[in-house]
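Structure first, commentary second.
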Amino acid sequence: SSSDMDGVLKFLKNNRSVANPEYFGKAAGKNVFIFHLESFQQFLINYKVNGKEVTPNINKFYADQNTLSFDNFYNQVGQGKTSDAETMLENSLFGLPSGSVMTSYGTSNTFQAMPAILDQRGYSTAAFHGDVGSFWNRDNTYKSWGYNYFFSEDYYKNKTNYSVGYGLKDKIFLKQSIKYIEKLPQPFYAKVITVTNHYPYELDKQNQHIEKTETGDNTVDGYVQTAKYLDESFGQFVDYLKKSGLYDNSMIVVYGDHYGISNNHKKAISQLLNLDTVTSYDLAQFQKVPFMIHLNGLKGGINHTYGGEIDVMPTLLDLLGIENKDTIQLGNDLLSPNRNQTVAFRNGDFVSPGFSKIGSKVYNNKGEDVTEDLTQTQKEEVKKQTERTDEVLSLSDKIVTGDLLRFYTPENFKKVNRADFSYKYRDGMK
Ligand code: GP9
Ligand code: MN
């Protein structure tokens with residue numbers, strides 16, 4: 001009911017962090033690219049196979065003096081995988097304990113998503129993806145989120161060998177996306193979702209430009225090959241952005257949505273990471289994904305704050321200089337000086353700069369199991385973190401399953417009218 005919203009507002013009042021004045025508004029009025037690296041994990045950054053970098057282009061971007069890169073950024077997805085990542089990134093709401101927000105609630109619920117907020121401030125907003133529009137119910141959900149345009153499979157020329165797995169191969173997809181990007185009125189917010197680096201990591205011979213790893217685990221060893229292909233695709237896209245001038249007047253956000261190698265492949269993971277044994281703590285660390293923000297004139301560097309996908313929207317809105325004190329966001333700005341650094345996983349586990357809780361065990365930041373060695377004060381600290389994690393997850397579930405945002409519209413926000421949007425492809429535009 002509408003009174004459930006009171007609990008949410010009370011939580012936000014006590015948990016919202018204040019924007020960092022050094023960064024607030026630094027990207028005001030810029031175009032925004034959200035570049036989605038499918039199944040891309042942080043360990044790939046600077047990773048080598050037989051002495052050869054797997055992702056040289058992304059590595060270069062990561063280390064660029066105008067890129068803010070985060071090295072303690074975790075994916076927080078559940079069963080909804082990509083769709084959970086998208087939900088968190090653009091709504092600062094979690095996925096569900098099971099299923100997917102986009103599939104179950106994307107059509108019916110009220111949202112206050114980033115595209116809608118920007119649309120209402122003069123931005124054009126578009127999503128690009130080389131799979132069918134209905135996957136994860138994107139074609140309906142994106143209307144609720146305020147996307148003006150959604151360029152999905154229908155908008156792209158397809159021939160034999162153009163596609164693999166879930167859709168168009170990234171290089172072909174990105175190249176064909178350019179003509180639509182060029183027609184978008186600026187400033188724009190554009191989300192580009194790649195897909196080739198997706199399980200089972202298949203790729204035609206011609207595009208295999210690095211050797212497979214040799215763990216002997218067939219579901220793992222092709223991963224670096226499709227990751228390399230994704231890296232080359234990214235490199236080509238960045239070249240285009242530079243040539244077109246978009247590189248200089250855009251904030252370019254690059255992130256990995258979730259793991260590519262699941263925890264069922266412990267042995268292969270130990271070989272890839274050169275570890276004798278892989279603990280639950282190691283597996284939690286293995287959930288790190290890249291999060292990078294490039295902007296001309298931005299002071300870059302590696303930022304060590306602990307955060308995750310839930311924190312992206314507040315971070316970006318602050319960089320864009322959009323006051324968002326009264327919007328409903330469960331994450332907090334990664335650049336805020338006094339932010340809470342407990343990163344909630346969807347199953348109630350958490351990691352933080354101090355302790356991490358994985359299942360019933362508590363680990364310190366050296367990865368040692370300290371469950372039985374905690375002092376009374378430490379126990380209380382862990383308890384507080386556990387409660388906060390549970391609270392933030394259950395508030396998110398209440399918002400989503402109760403469609404609570406329909407009862408609350410922030411100042412300076414107009415409820416999205418889904419009928420404003422149609423994504424139907426009309427012949428002759430390809
Ligand atoms: C398909 C793609 C894959 O369109 O986004 O989603 P995933 O399987 O990674 O959740
Ligand atoms: Mn995915």
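So the values come out like this:
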| read-out | value |
| --- | --- |
| Mean Cβ neighbour count within 10 Å, used as a protection proxy, ranking 402-410, 104-112 highest first | 104-112, 402-410 |
| Overall Cα dimensions of the chain, principal axis frame, Å, largest first | 68, 55, 40 |
| K212-S104 pseudo-label distance in nm [points 7 Å out on the Cα-to-Cβ vector] | 3.7 |
| 10 Å Cβ shell holding at most 16 others, DSSP loop, GluC sites (Glu not before Pro): longest site-free stretch of the chain | 23-181 |
| Share antiparallel - DSSP beta bridges, the chain, percent rounded to 5 | 45 |
| Leading residue at positive end of dipole, the chain (Cβ point charges), from T82, F128, A284 | F128 |
| Trypsin sites (Lys or Arg not before Pro) within the range 122-211, DSSP loop, no more than 12 other Cβ atoms inside 10 Å | K157, K159, K183 |
| Net charge of Cβ neighbours under 15 Å - reference Y147; Lys, Arg +1; Asp, Glu -1 | +1 |
| Contour excess over end-to-end distance, with Cα ends at K383 and D403 and 0.36 nm allotted per residue | 4.2 nm |
| For the chain, size of Cβ-based charge dipole, Lys and Arg +1, Asp and Glu -1, in debye | 1080 |
| Pair Q65, D239: separation of 7 Å Cα→Cβ label points (nm) | 2.5 |
| Pairwise label distance in nanometres, N263 with N50, each label 7 Å out on the Cα-Cβ vector | 3.4 |
| Potential lengthening between K325 and K415 on full extension [0.36 nm per residue; Cα-Cα distance subtracted] | 30.7 nm |
| Net length gained if the chain between T160 and V18 were fully extended (0.36 nm per residue, minus Cα distance) | 45.9 nm |
| Dipole magnitude of the range 75-176, debye to nearest 20 (Cβ charges: Lys/Arg +1, Asp/Glu -1, about Cα centre) | 300 |
| Selection of trypsin sites (Lys or Arg not before Pro), the range 322-395, meeting DSSP coil and at most 13 other Cβ within 10 Å | K325, K366 |
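Here, each number is a calculation from the coordinates, and none is a lab measurement. All values reported here derive from a predicted model rather than from experimental measurement. Every residue, glycine as well, gets a Cβ built from its backbone with ideal geometry; the counts of neighbours run over all protein chains shown.
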